[in-house]
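Written out below as structure tokens is the structure these notes cover.
The values are calculated or read from the model by the stated rules, or taken from the named source; none is laboratory data. Source: prediction; values computed, not measured. Every residue, glycine among them, receives a Cβ derived from its backbone with ideal geometry; neighbour counts consider all protein chains shown.
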Amino acid sequence: MNSGIFRTKSVEQCIKDTEEPGRGLHKTLSALDLTVFGIGVIIGTGIFVLTGKVARENAGPSTALAFVVAGVVCALAALCYAEFASTVPVAGSAYTFAYASLGEFPAWVIGWDLVLELALACAVVAVGWSGYLRSLMDSAGIPMPGLLSGASGGHFGFDVLAAALVLLLTGVLIAGVKLSSRVTGVIVAVKVAVVLLVIAVGTFFVRSANYRPFVPPARETGGGSGLGAPLIRLLSGYAPAAFGVMGVFTAAAVVFFAFIGFDIVATAAEETRNPQRDVPRGIIGSLAVCTVLYVAVSLVVTGMQKYTRLSVDAPLADAFKAVHHPFWAGVISFGAAVGLTSVCLILLLGQTRVFFAMSRDGLLPPAFSRVHPRFGTPYRTTVLLGLVVAVVAGFTTIDVLAELVNIGTLFAFVVVALGVLVLRRRRPDLPRAFRTPLVPLVPVLSVLASLWLMLNLTAETWLRFAVWMAVGLLVYAVYGRSHSRMRPLRAARQAKEPRGSA
């Protein structure tokens with residue numbers, strides 16, 4: 001399995017590559033920086049939007065339980081990420097982990113997947129941020145021209161605010177990851193303050209009657225038809241339920257997407273001063289904080305307003321309007337707009353590090369693995385991807401692309417969990433500062449839980465994902481395989497071996 005497209009890159013070689021002049025990233029981050037990064041990217045549209053949508057359509061007040069279920073699924077994956085990140089503290093996250101355990105081809109597949117996931121996620125968040133800002137501008141009597149507000153209703157348009165945000169954050173990332181962490185720290189402080197404000201103030205307007213029944217009676221849903229139906233429905237005839245006990249699990253498949261981003265902490269492992277200790281703390285700490293906040297917010301919002309009356313677009317703000325407190329609704333809208341900025345920044349950070357790692361391995365042109373002589377950041381990669389994401393954000397619409405982000409994340413979870421099992425078997429001698437508990441149980445549960453959530457995505461999403469993967473296979477066949485740095489390394493090792501050796 002150590003030849004051809006399944007050749008693995010040893011952990012020692014992964015770490016050695018980071019020491020090459022001009023190709024290593026500066027180590028400036030602490031455990032607190034990583035935790036802030038994680039909270040900054042997790043708390044976004046999920047807590048401000050998904051809460052109401054899921055409560056109204058899937059689970060009612062038991063949405064809090066759905067967040068717990070989704071948090072457990074993410075925790076299983078987080079434990080696997082933590083072991084890998086502390087063992088292989090190199091940029092690239094799941095891509096690098098796969099290269100060290102499963103081989104070059106699986107690594108390419110997951111790297112190509114992550115490039116899509118993070119680019120689209122950043123574009124979608126930028127579009128959401130633009131929508132909040134346009135709303136605030138309209139309230140101030142400064143409307144944006146339709147042509148500069150993005151495509152809508154079949155009409156052509158370019159979302160200039162979304163594109164401008166991406167370009168601004170690209171400049172911040174080029175200037176250094178420490179600056180990025182400081183900017184993120186300020187934004188996260190504002191965002192968490194708003195969330196805590198929602199919990200503290202909203203508690204005074206909670207009515208116990210709104211919680212009854214806590215788990216509404218189950219009812220069947222149509223589940224869509226054709227390519228719009230969940231894949232599991234097409235394969236088995238199983239129809240996801242709304243409300244009831246099974247509705248909680250259906251809701252978990254939706255609110256899971258509010259947790260997307262904790263894995264990005266692992267992409268900054270190479271830029272962390274003590275990655276063996278701090279990366280596991282950053283991953284698990286940020287996930288734990290956000291899960292508690294999500295559960296608390298969902299309990300407050302479903303207690304303030306009957307779940308059947310909750311708004312789908314802005315449930316938190318509209319819940320305060322429903323109890324005649326528009327001031328707090330405005331504060332929440334402001335917090336949401338500010339909060340999305342950090343989400344966009346960290347998604348762009350994660351994408352550039354994956355692309356950088358793939359370039360450093362030779363699977364993409366080597367020009368993109370050069371770091372800036374002053375700032376120590378992969379500036380060429382950041383500029384390229386920043387421009388691409390800005391264009392995508394300018395022309396994209398949220399509804400078509402969002403599910404592609406979700407399937408990409410879940411696929412990465414599966415690969416990382418499998419990688420833990422493989423590397424434990426192949427390299428039991430490796431020093432592991434953090435060890436995933438209850439192996440193989442935890443990785444196997446992580447794989448099964450992720451696959452279950454993937455099966456609840458539509459067949460159309462699977463088809464789009466397959467097309468993107470097919471394009472990736474073509475790029476690997478034409479360029480990546482022949483330019484891989486592991487080919488000459490392997491040839492050199494074989495040349496040094498005595499003839500007749502096994």
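State whether the residues of segment 370-377 include one that is small (Gly, Ala, Ser), more than 28 Å from residue 158 (Cβ to Cβ) and in contact with a Cys (Cβ under 9 Å, 6 or more places away or on another chain). Steps first, please.
Step one: list which residues in segment 370-377 are small (Gly, Ala, Ser), which gives 376.
Then keep just the ones that are more than 28 Å from residue 158 (Cβ to Cβ); that gives 376.
Checking the rest, the ones that are also in contact with a Cys (Cβ under 9 Å, 6 or more places away or on another chain) come to none.
Taking every residue of segment 370-377 in turn, none turns out to be small (Gly, Ala, Ser), more than 28 Å from residue 158 (Cβ to Cβ) and in contact with a Cys (Cβ under 9 Å, 6 or more places away or on another chain).
Counting only residues that are touching a Ser or Thr at 6+ places or on another chain (Cβ under 6 Å) and modelled with pLDDT of 90 or more, how many does segment 386-418 have?
The total comes to 3.
Scan segment 85-118 for residues that are aliphatic (A, V, I, L, M) and surrounded by fewer than 24 Cβ atoms within 10 Å (Cβ to Cβ) and jot them down.
The answer is 102, 109, 115, 116.
Check residue 374 against each of (1) surrounded by fewer than 20 Cβ atoms within 10 Å (Cβ to Cβ); (2) in a loop (DSSP other than H, G, I, E, B); (3) touching a residue at least 60 places away in the same chain (Cβ under 8 Å) and name the one condition it does not meet.
It is condition (3) that residue 374 fails.
Go through segment 258-277 and give me each residue that's closer than 19 Å to residue 72 by Cα and assigned to a helix (DSSP H, G or I).
Correct list: 258, 259, 262, 263, 264, 265, 266.
Residues in segment 453-476 that are farther than 27 Å from residue 67 by Cβ and out of contact with any Phe, Trp or Tyr (no Cβ under 6 Å at 6 or more places or on another chain): how many?
Matching residues across segment 453-476 total 11.
For segment 280-299, indicate whether the set of residues that are crowded, with 23+ Cβ neighbours inside 10 Å, out of contact with any helix residue (DSSP H, G or I) (no Cβ under 7 Å at 6 or more places or on another chain), in contact (Cβ under 8 Å) with a residue 40 or more places away in the chain and not aromatic (Phe, Trp, Tyr) is non-empty.
no
Which is under 30 Å from residue 277 (Cβ atoms), under 18 Å from the mean Cα position of the chain (by Cα) and free of Cβ contacts under 8 Å to residues at least 40 places away in the same chain, of 447, 439?
Going through 447, 439 in turn, just one is under 30 Å from residue 277 (Cβ atoms), under 18 Å from the mean Cα position of the chain (by Cα) and free of Cβ contacts under 8 Å to residues at least 40 places away in the same chain: 447.
Scan segment 47-67 residue by residue and report those that are under 28 Å from residue 349 (Cα atoms) and surrounded by fewer than 24 Cβ atoms within 10 Å (Cβ to Cβ).
The one that is under 28 Å from residue 349 (Cα atoms) and surrounded by fewer than 24 Cβ atoms within 10 Å (Cβ to Cβ): 49.
Could you grab the pairs with beta carbons closer than 8 Å, sequence gap of 6+ or different chains, first residue in segment 78-90 and in contact (Cβ under 8 Å) with a residue 60 or more places away in the chain, second one part of a helix (DSSP H, G or I) and of a type in the set (D, E, K, R)?
78/263; 81/263; 86/277; 89/270; 90/17; 90/270
Answer yes or no as to whether residue 288 is more than 30 Å from residue 460 (Cβ to Cβ) and at pLDDT below 80.
Here the answer is no, as residue 288 does not meet what is asked.
For residue 275, work out the one condition from (1) crowded, with 24+ Cβ neighbours inside 10 Å; (2) at pLDDT below 80 it doesn't fulfil.
(2)
On the given criteria, is residue 291 within 18 Å of the chain's Cα centre (by Cα), of a type in the set (Val, Ile, Thr) and closer than 24 Å to residue 70 by Cβ?
So residue 291 passes the test.
In this structure, is residue 331 modelled with pLDDT of 85 or more and surrounded by fewer than 24 Cβ atoms within 10 Å (Cβ to Cβ)?
It is false that residue 331 is modelled with pLDDT of 85 or more and surrounded by fewer than 24 Cβ atoms within 10 Å (Cβ to Cβ).
Taking the condition surrounded by 24 or more Cβ atoms within 10 Å (Cβ to Cβ) and either closer than 30 Å to residue 17 by Cα or charged (D, E, K, R) (or both), does residue 350 pass? Can you show your working first?
On the way: surrounded by 24 or more Cβ atoms within 10 Å (Cβ to Cβ): yes; either closer than 30 Å to residue 17 by Cα or charged (D, E, K, R) (or both): yes.
Yes; evaluated as a whole, the condition is true for this residue.
All but one of (1) part of a loop (DSSP other than H, G, I, E, B); (2) over 28 Å from residue 162 (Cα atoms); (3) among the β-branched types (Val, Ile, Thr) hold for residue 308; state the number of the condition that does not hold.
Among (1) part of a loop (DSSP other than H, G, I, E, B); (2) over 28 Å from residue 162 (Cα atoms); (3) among the β-branched types (Val, Ile, Thr), the lone unmet condition for residue 308 is (1).
Run down 432, 425, 380 and say which single residue is charged (D, E, K, R) and assigned to a loop (DSSP other than H, G, I, E, B).
Numbers: 425 fails: assigned to a loop (DSSP other than H, G, I, E, B); 380 fails: assigned to a loop (DSSP other than H, G, I, E, B).
Criteria check complete, one pass: 432.
With the checklist (1) under 25 Å from residue 124 (Cα atoms); (2) modelled with pLDDT of 85 or more; (3) not aliphatic (A, V, I, L, M) in hand, flag the one item residue 458 doesn't pass.
(2)
Kindly indicate whether residue 436 is over 21 Å from residue 74 (Cβ atoms) and in contact with an Asp or Glu (Cβ under 8 Å, 6 or more places away or on another chain).
For residue 436, the condition - over 21 Å from residue 74 (Cβ atoms) and in contact with an Asp or Glu (Cβ under 8 Å, 6 or more places away or on another chain) - is not met.
Do you know which residues across segment 348-365 are assigned to a helix (DSSP H, G or I) and in contact (Cβ under 8 Å) with a residue 24 or more places away in the chain?
Correct list: 348, 349, 350, 351, 352, 353, 354, 355, 356, 357, 358, 360.
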